[in-house]
Amino acid sequence: MFVYADNAATTKIDPEVVQAMMPAFGELYGNPSTIYSKGREAKEAVEKAREQVAKAINCRPSEIYFTSCGTESDNWAIRGIATRYAAKKGKHIITTNIEHHAVFECLKALEKEGFEVTYLPVDEEGFVTPEQVKAALRPDTVLITIMTANNEIGSIQPIEEIAAVAKSHGVLIHTDAVQAVGHIPVDVQKMGVDLLSLSGHKFHAPKGVGALYVRRGVLPDNLMNGGGQERNRRPGTENIAGIIGLGAAIEKATANLEQDMKHVAFLRDRLIDGILKTIPKCKINTPSHDRLPGTVNVSVKHIEGESMLLLLDMNGICATSGSACASGDLDPSHVLLAIGLPHEIAHGSVRFSFCADNTVEEIDYILDVFPKIAQRLREMSPLWDEANQDEN
Amino acid sequence: MIYSAKVMDHFMNPRNVGELADANGIGEVGNPKCGDIMKIYLKIDHDIITDVKFKTFGCGAAVATSSMATELIKGKSVKEALQMTNKAVIEALDGLPPVKIHCSVLAEEAVQAAISDYLVKKGENPADYGIKAPHCGGSCSCCDHCGE
């Protein structure tokens, strides 16, 4: 059996999305910036997608800007606001210690350029509070950037409450919603954010296309210099195929959202329950509440994540790990360390992430295979012997 | 990151996994904080390694290098086993990804630590055999195990 359980990394392109994109690989080749009909056709396709995205997250189409990916959206939002408003507001930024690298590395670069960043620590389930944000605010705070949902453990932050704090202090707020859009309801009006990043390939659109929501009146500096595309904000000839795909995928994801969330959460709960019943000495790193429907992050104590992934792969199961060895980094996942896991338990983590295409049969297959893998590696592990000796 | 077919074979079908009840040389190197620990058990008879087993906590490369290292020293004399370098382990496995080189260093050190234990028990000085105190290979930033 083949089980794709890494939907937080990327998703399979929906065949209907592919179908919607096909004209862009054929006759729909005009440049949207031109005035003849060939160009206008392409322009219309881009504007239709803009409306689809705007409708999905409840904003005006004119507040949606297409980008190349979530990373670009994050960089544009953070750097663009920081540089634009530094002179007026100051050079202090508030974030959390579990953000995606796209946010972290952008902030690290800004620190080198004289910005100061406060990294709010999350609790052991991966949450920050509006009170923490309020306490970190300074007169020179120019931006708050806090992710909507975490990519590794699935914790969903109280963005609405945090945005209310930001608003009452006149500070702009950006959220990286790359893991949230298409998976949970995302409504920028309700959330009250000023900027929001999203990425198409996380909800069955192709790779290479994302978007940034920018509230009307908010003016981040441009990242790139060039032509007048995207109302002079984001130069570069439009990725027509990708943009059409993004629009089609977000429309489909939001249309079926409620039903899909129920199904995916059922799969998540079945897997968590099954793991706890069949594998002793596990730790579920996914929080118990306010979490994504499809994310299961678990540490199997006394064994290491990459070796689990290799054996899962041998059995046709695609998953990922926060182990240093799995990523090629020297340290395990910063998110798992941030929720207080010791290094050795972070090294033993595996993340499964599901979408509406996953089935109960697939979960049961994982539950058949995974405990055997854990047992096999534990029999090979000197730490497992020691742990059992300590108990005896 | 891609492993060679040999690495995958030694990970999927590791040779010499387990413990030796009558081992007269046991060495353990690594650190759970860094994500890998290797423990090697040697049965040495008249300076010949007659049996060897290992237990490893770690990634695919850690298991494969442990497995290959035990194969390389089985039946060898103590002096020959001490000649086994991490490079020999890498070559025997048809290469390792650069980030996994430290696993091969760990395997070399696990062998040296086990032989060192044997020599100490015999009343000999491991330093006379050129054995240095084991460390993690110096490639981890995650711990201060090396004290460097």
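Remark: spin-label model distance A:LYS55-A:GLN389 equals 6.6 nm, labels positioned 7 Å along the Cα→Cβ axis. With a cut-off of 14 Å between beta carbons, the residues surrounding A:ALA356 carry a summed charge of -1, where Lys and Arg count +1 and Asp and Glu -1.
Between chain B and chain A, the total buried accessible area stands at approximately 2200 Å², from heavy atoms with a 1.4 Å probe.
Taking a Cβ cut-off of under 12 Å around B:SER104, the surrounding Lys, Arg, Asp and Glu residues balance to a net charge of -2, with basic ones at +1 and acidic ones at -1.
Shape summary: segment B:5-126 maps onto an equivalent ellipsoid whose semi-axes, from the alpha-carbon gyration tensor, are 22, 14, 13 Å in decreasing order. With 22 Å as the cut-off, how large is the P(r) tail for segment A:29-178, expressed as percent of Cα-Cα pairs? The calculated P(r) of segment A:29-178 puts 47 percent of pairs beyond 22 Å. With 0.36 nm allotted per residue and the present C-alpha distance subtracted, the A:THR359-A:GLN19 stretch has 120.0 nm of extension available. Round to a whole angstrom and tell me the spacing of the C-alpha centers of segment B:38-115 and segment A:266-287. So the separation of the two Cα centres works out to 36 Å. Stretching the chain fully between A:HIS169 and A:ALA87 yields a gain of 27.8 nm (0.36 nm per residue, less the alpha carbon separation). The Cα atoms of chain A give a gyration tensor whose axes a ≥ b ≥ c have a/c of 1.5 or more with a/b no greater than b/c, which makes the shape oblate. Dividing the mean sequence gap of close Cα pairs (under 8 Å, 6+ apart) by how many residues chain A holds gives a relative contact order of 22 percent.
Each label point was placed 7 Å from the Cα along the Cα-to-Cβ direction; for A:ILE35 and A:THR278 their separation is 6.6 nm. Neighbours of A:ARG291, meaning other residues whose beta-carbon lies under 9 angstrom from its beta-carbon, give a summed charge of -1 when Lys and Arg score +1 and Asp and Glu score -1. When both bridge partners sit in chain A, DSSP labels roughly 55% of those beta bridges antiparallel. Dividing the summed -39500 (n - 2.57) terms of all DSSP H runs of n ≥ 4 by the residue count of the protein assembly as shown sets its mean residue ellipticity at 222 nm at -13000 deg cm²/dmol.
When the solvent-accessible area of segment A:256-391 is split by element, carbon and sulfur atoms take up 49 percent of it, the probe being 1.4 Å. Using the structure shown, list the pairs from B:LYS76/B:LYS132; A:LYS108/B:LYS33; A:LYS48/A:LYS262; A:LYS89/A:LYS252; A:LYS112/A:LYS134 with a Cα-Cα distance above 31 Å, or answer none. Table pairs above 31 Å Cα-Cα are A:LYS89/A:LYS252.
Between A:GLU124 and A:ALA255, the modelled label-to-label distance comes to 4.5 nm, taking each label 7 Å out from Cα in the direction of the beta carbon. In this structure, the residue pairs whose Cα-Cα separation is over 31 Å, taken from A:LYS277/B:LYS6; B:LYS43/B:LYS100; A:LYS301/B:LYS100, are A:LYS277/B:LYS6. Residues of segment B:25-57 that bury at least 10 Å² of accessible area when the other protein chains are present, relative to the chain alone (probe 1.4 Å, heavy atoms, ligands and nucleic acids excluded): B:GLU28, B:PRO32, B:LYS33, B:CYS34, B:GLY35, B:ILE37, B:LYS39, B:LYS55, B:THR56, B:PHE57. Here B:GLU71 and A:ASP269 are evaluated by their C-beta separation; at R0 = 45 Å the FRET efficiency comes out at 0.50. Could you state the number of Å between the C-alpha centres of segment A:1-74 and segment A:312-383? Cα centroid of segment A:312-383 versus Cα centroid of segment A:1-74: 33 Å apart.
Our estimate of slack between B:GLU19 and B:ASP47, defined as 0.36 nm per intervening residue step minus the Cα-Cα distance, is 8.1 nm.
Per residue, the accessible area of chain A comes to 40 Å² when a 1.4 Å probe rolls over the protein heavy atoms.
Here the accessible area of segment A:15-255 is 54 percent carbon and sulfur, with a 1.4 angstrom probe and all protein chains present.
The values are calculated or read from the model by the stated rules, or taken from the named source; none is laboratory data. Here the structure is a predicted model, which is why all the values come from computation and not from measurement. A quick note on method: Cβ atoms are made from the backbone with ideal geometry, for glycine too, and the neighbour counts reach across all protein chains shown. The area values use the complete protein model at the heavy-atom level, side chains included, leaving out ligands, DNA and RNA. Shrake-Rupley method; radii C 1.70, N 1.55, O 1.52, S 1.80 Å.
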